[in-house]
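Derivation of every value follows stated rules applied to the coordinates shown; laboratory data play no part. Please read these numbers as outputs of a predicted model, since none were measured by experiment. Ideal geometry is used to build each Cβ from the backbone, glycine not excepted, and the neighbour counts take in all protein chains shown.
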Amino acid sequence: MLSIEWTASSGWLAPRITPYQNLSLDPATCVFHYAFECFEGMKAYKNSAGDVRLFRPDKNMARFNKSSARIALPNFAPQSLIELISKFSAMEERFIPAARGYSLYLRPTMIGTQRTLGVGPPGSALLFVIASPVGPYYPTGFKAVSLEATDYAVRAWPGGVGDMKLGANYAPCIIPQLQAAKRGYHQNLWLFGDEEYVTEVGTMNFFAAVRDKDTGKKVLMTAPLDGTILEGVIRDSVLDLARERLVPEGWEVQERKFTMPELAAAADDGRLIEAFGTGTAAVVSPVRRIAWRGRTVECGLAEEQEVGEITKRMKDWIEGIQYGDEEHVWSLKV
Ligand SMILES: *Cc1c(COP(=O)(O)O)cnc(C)c1O
């Protein structure tokens, strides 16, 4: 693990890479009481040539600093942390499987370590990075997921902190997730407001490909960054690639608010082409159907089909860049 301590008086101390080990913290440490914790999720990829790469680490660093700043934890110079994580990934290179779909999952984490029950800015912090090899999310091919639209619990709201990777945002999602699972659904589809805006699916951003009711044009749409969604690196990458590669094919790309009634109307008219979630873990996750208000909204897949065409192309494009098949500025060779 990579560890860097911080104190308000001395700033960041020297980084260390040590064997994975327990932390020893006083029970009064502020992280245990007031959730001074934020994190990132990223991966190091190795291809058959043995090159180790990070995917858009600058995005993770910017988000990490935004999260830590919001909970009164210190920032870390983005370029320096990229260099440290690169060095760490290179050192642990033996734990990165070279097969396609495999990677080393990296979990940068920051916690407040001051011993105090007083509610205030932590005078000390610890930044650490732990890692684990991970296999392909879909080892036997895509498996489309079924979602339950959740309106009785709200994950994020404008002006809140649901758009940041703060640990405190995740524990409250477990009960709604278990309730959806009990009724046979894989994930929650988080809705927001009386209008039932579609925001995110589980811990992934949500995309829908629809045919526009008026223009007949094919539209790839996702919710905007208005505080109700997490600013996903894969979401941003899908938007960029769609603008670059789908727009010339006649697609429109829209970052806009859309509602569950709107999505259901598209499905009823046969205009919902496909839907998918995006995130670092799975890259893309095809959606088969959404349970909503006692009905089922089918998301465009035929019964024997597990993934739609746009979903599949997006995964191939992004993985091609992550593993360096396609040379791209998003891929940093360490
Ligand atoms: C991490 C996360 C995502 C996906 O972000 P990526 O940077 O694409 O991995 C989406 N939603 C939530 C709630 C998340 O925590």
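Extending 7 Å from Cα along the Cβ direction at Ala181 and again at Ala28 yields two label points whose distance is 3.7 nm. Across q = 0.08, 0.13, 0.16 Å⁻¹, region 176-334 modelled as identical point scatterers on its alpha-carbon atoms has Debye log10 I(q)/I(0) values of -0.23, -0.60, -0.92, in the order of the q list.
Going through the DSSP H helices of the chain, which span 27 Å or more along their own axis at the Cα atoms while scoring at least 1.6 as a mean Kyte-Doolittle hydropathy? Counting only whole DSSP H runs, no helix qualifies. According to the Cα-based calculation, Rg over Rh for the chain is 0.98, with Rh computed by the Kirkwood formula. Label-to-label distance, Ala99 versus Glu326, with points set 7 angstrom from Cα along the beta-carbon direction: 2.5 nm. Taking the centroid of alpha carbons for each part, region 234-289 and region 102-173 are 24 Å apart.
By other beta-carbon atoms within 10 Å, ranking Lys312, Lys165 with the fewest at the front produces Lys312, Lys165.
Ranking of Tyr20, Tyr323, Tyr197 by neighbouring Cβ atoms within 10 Å, starting from the fewest: Tyr20, Tyr197, Tyr323. Ranking Thr228, Gly202, Thr278 by how far each Cα lies toward the positive end of the dipole of region 145-322 (charges on Cβ) leaves Gly202 at the top.
Per-residue 3J(HN,Hα) values for region 191-199, derived from phi via the Karplus relation 6.51 cos²θ - 1.76 cosθ + 1.60 with θ = phi - 60°, read 9, 9, x, 4, 6, 6, 5, 7, 10 Hz in sequence order (x marks Gly and Pro). Per-residue ellipticity at 222 nm computed for the chain from its helices equals -6500 deg cm²/dmol, with DSSP H segments shorter than 4 residues left out and the rest contributing -39,500 (n - 2.57). A simple spin-label model places the labels of Trp12 and Met91 1.5 nm from each other, with each point 7 Å out along Cα-to-Cβ.
For a paramagnetic label modelled at 7 Å from the Cα of Asp58 toward its Cβ, which residues of region 301-334 fall within the zone defined by backbone nitrogen distances under 12 Å? What the label zone holds, given the 12 Å backbone N cut-off, is 329-332.
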